[in-house]
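Colleague: Shown below is the structure under consideration.
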Amino acid sequence: MALTSFSAGQDAFAPFWNPTRDVAHGTGRSGRDMHLDVMEFENTFEIRADLPGMNKNDIQVHVDNDVVTVSVEKEDKRDEDKEEQGVRYHRMERSSQFIRRTVRMPETANLDQIKAKYDNGVLQLNIPKKEEERPWQRINVQ
């Protein structure tokens with residue numbers, strides 16, 4: 001384990017207070033990710049995405065071949081240097097968001113029949129399975 005030395009003039013906790021750094025992932029991302037559950041039932045697939053605080057008009061679902069894409073773009077048009085009602089913004093990181101996730105679905109998914117519902121911060125996609133073709137079988141003649 002390597003130790004890093006700090007001089008008296010350095011703040012050891014400064015990296016944790018840097019708003020452009022995502023501490024959990026160590027990247028420059030905002031840390032805003034879309035968490036998904038993809039489930040399979042007997043006759044359907046279901047995708048659930050946590051999207052708290054979003055308006056259903058900001059959510060888009062696209063299908064391209066066998067790939068389902070969920071994207072959210074929320075934009076708040078405020079000017080950082082503009083004073084409004086006695087408040088002056090110096091930094092606004094909550095003003096706009098863009099997140100996107102894609103899921104490749106199996107051939108058995110009937111992507112022409114997707115139904116989407118957004119309720120209580122959760123997007124739910126229900127995707128029925130295609131009717132299975134009956135395998136070849138021999139019929140006994142009586």
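Colleague: Could you tell me whether segment 9-26 includes any residue that is assigned to a strand (DSSP E or B), at pLDDT 65 or above and either in contact with a Phe, Trp or Tyr (Cβ under 7 Å, 6 or more places away or on another chain) or open to solvent by less than 80 Å² (accessible area, probe 1.4 Å) (or both)?
Modeller: Looking through segment 9-26, none of the residues is assigned to a strand (DSSP E or B), at pLDDT 65 or above and either in contact with a Phe, Trp or Tyr (Cβ under 7 Å, 6 or more places away or on another chain) or open to solvent by less than 80 Å² (accessible area, probe 1.4 Å) (or both).
Colleague: Any residue in segment 79-97 that is open to solvent by less than 70 Å² (accessible area, probe 1.4 Å), modelled with pLDDT under 90 and of a type in the set (Phe, Trp, Tyr)?
Modeller: Yes: segment 79-97 contains one or more residues that are open to solvent by less than 70 Å² (accessible area, probe 1.4 Å), modelled with pLDDT under 90 and of a type in the set (Phe, Trp, Tyr).
Colleague: Another question, then. Scan segment 43-77 residue by residue and report those that are free of Cβ contacts under 8 Å to residues at least 40 places away in the same chain and exposed (fewer than 15 other Cβ atoms within 10 Å of the Cβ).
Modeller: Hits for segment 43-77 are Asn55, Asn57, Gln60, His62, Asp64, Asn65, Val67, Thr69, Glu73, Glu75, Asp76, Lys77.
The values are calculated or read from the model by the stated rules, or taken from the named source; none is laboratory data. Bear in mind that the values here come from a model prediction, so they are computed numbers and not experimental data. Cβ: placed from backbone, ideal geometry, glycine included. Neighbour counts: every protein chain shown. All accessible areas refer to the heavy atoms of the entire protein, side chains included, with ligands and DNA or RNA removed. Shrake-Rupley method; radii C 1.70, N 1.55, O 1.52, S 1.80 Å.
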